[in-house]
Amino acid sequence: MVQNPLTPTVLTTPTPTQRLRRLRLNPSMRRLVRETTLTPDDFIVPMFIEEGLRGTRPIGAMPGQSRFGLDTLAAEAKTISRLGIPAVILFGIPSHKDAEGRENYNPQGIVPQAIRRIKEAAPELVVMIDLCFCEYTDHGHCGIVNTPDHRHYDAHLPHGYLLNDATLELLQQAAVVHAEAGADVIAPSGMIDGMVGAIRSGLDQSGFSQTSILSYAIKMSSGLYNPFREAADSAPAFGDRQQYQMDMSNSREALREAALDVQEGADMLMIKPALTNLDLIHQVHETFGLPTAAYQVSGEYAMLHAAALQGWLDLRRCALESLISIKRAGADMIVTYFAQSAVKWLE
């Protein structure tokens, strides 16, 4: 029989046997099969401690964030601990700065005082110290810079060049001072060659072999740090930090940086910023097998807040999505300004 050409041909569509949407049917099913979950255990809270401040001071470029005075630390530490967050990382803002950042290795400096207060109020918190000199130097660079009036001046190097090995000596001193004050973890962040080895040697020789090192192993030069510079009062007075922070175009070099820090004794590795380096977070986690941290930096935080203030996105949803993506990439811990809010949202 000849088929009428006006009659449509009925095609039989195969029924799919693999239906992944079965596992997305309802919220309980989605929770049951979820591969990546956030908990308070994932977070490290950054804290800016300002010498001479009473109470708190809001940070304009970072909505919801503040500098803390010493008088506020006990209550804040207890609040963080009650939320189930295991760690804080401290940034000091001294009242006096000089060319060598001497307040960074002053036993009575702002961060040693803060460590003692936090440990007294919440001894269960892991206290990490961001060990860098940019907040302490009057020029805003992460160590000693090459100037004719400095005792370490080297005429063969450019004016303003960061003097690597002279800075290592000061990093050793500062690490020991903070360990003596009770810091659990020293986190050098300046991308100074040999910083992990120098700090490990200084800690061990001073009897602090149990103090851990979380190295900012891969810290890219980035425009996403700008809000932090307001928060920590650490903008460079001249030039920039591209001579020591990494070029974000270089992934092989980044892995070499991490490998050197592992050889020098790092216990944990950090990648920063998180958003633009998810590939490196994954590679570092898979390659070295050490606890891997990522820093969701001030610019990442500020961008989400700015868009939310314009009504362009849902802050809670997008902040949690960003944190999940960082953890999914391989981060075992995340330094984030969203930490306290994220715990409450997750509840």
Subset of segment 291-335 that is in a helix (DSSP H, G or I) and of a type in the set (Ser, Thr, Tyr) - its residue that is surrounded by the fewest Cβ atoms within 10 Å (Cβ to Cβ):
Ser325
Looking for something within 30 Å of Ala306 (Cβ to Cβ), in contact with a Gly (Cβ under 9 Å, 6 or more places away or on another chain) and crowded, with 24+ Cβ neighbours inside 10 Å - is there at least one such residue anywhere in segment 209-218?
yes
So which of Val177, Val126 ends up being touching a helix residue (DSSP H, G or I) at 6+ places or on another chain (Cβ under 8 Å), of a type in the set (Val, Ile, Thr) and under 29 Å from Asp41 (Cα atoms)?
Val177
If I filter segment 266-283 for residues that are buried (at least 21 other Cβ atoms within 10 Å of the Cβ), in contact (Cβ under 8 Å) with a residue 40 or more places away in the chain, assigned to a loop (DSSP other than H, G, I, E, B) and touching a Pro at 6+ places or on another chain (Cβ under 6 Å), do I get at least one hit?
no
Quick one: is Asp165 assigned to a loop (DSSP other than H, G, I, E, B) and without any contact (Cβ under 8 Å) to a residue 60 or more places away in the chain?
no
Which numbered condition Arg31 misses (of (1) of a type outside the set (Ser, Thr, Tyr); (2) at pLDDT below 95; (3) under 24 Å from the mean Cα position of the chain (by Cα)):
(3)
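Does Ile218 satisfy the criteria of being assigned to a strand (DSSP E or B), under 20 Å from the mean Cα position of the chain (by Cα), closer than 17 Å to Ala258 by Cβ and of a type outside the set (D, E, K, R)? Walk me through how you get there before you give the answer.
Working: assigned to a strand (DSSP E or B): yes; under 20 Å from the mean Cα position of the chain (by Cα): yes; closer than 17 Å to Ala258 by Cβ: yes; of a type outside the set (D, E, K, R): yes.
Here the answer is yes, as Ile218 does meet what is asked.
Of Ile213, Ile192, Ile199, which residue is farther than 19 Å from Leu90 by Cα and either assigned to a strand (DSSP E or B) or among the β-branched types (Val, Ile, Thr) (or both)?
On the way: Ile213 fails: farther than 19 Å from Leu90 by Cα; Ile199 fails: farther than 19 Å from Leu90 by Cα.
Only one candidate passes the filter, namely Ile192.
Look at His96 and say whether it is in contact with a Lys or Arg (Cβ under 9 Å, 6 or more places away or on another chain) and either basic (Lys, Arg) or more than 26 Å from Asp184 (Cβ to Cβ) (or both). Lay out the reasoning, then the answer.
On the way: in contact with a Lys or Arg (Cβ under 9 Å, 6 or more places away or on another chain): yes; either basic (Lys, Arg) or more than 26 Å from Asp184 (Cβ to Cβ) (or both): yes.
The answer is yes for His96.
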Given the criterion more than 14 Å from the chain's Cα centre (by Cα), of a type in the set (A, V, I, L, M, F, W, C) and either buried (at least 22 other Cβ atoms within 10 Å of the Cβ) or modelled with pLDDT of 95 or more (or both), identify the matching residue among Phe338, Phe288.
Phe288
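The values are calculated or read from the model by the stated rules, or taken from the named source; none is laboratory data. Please read all numbers here as calculations on a predicted model, not as lab measurements. All Cβ positions, glycine included, derive from the backbone under ideal geometry; neighbour counts span all protein chains shown.
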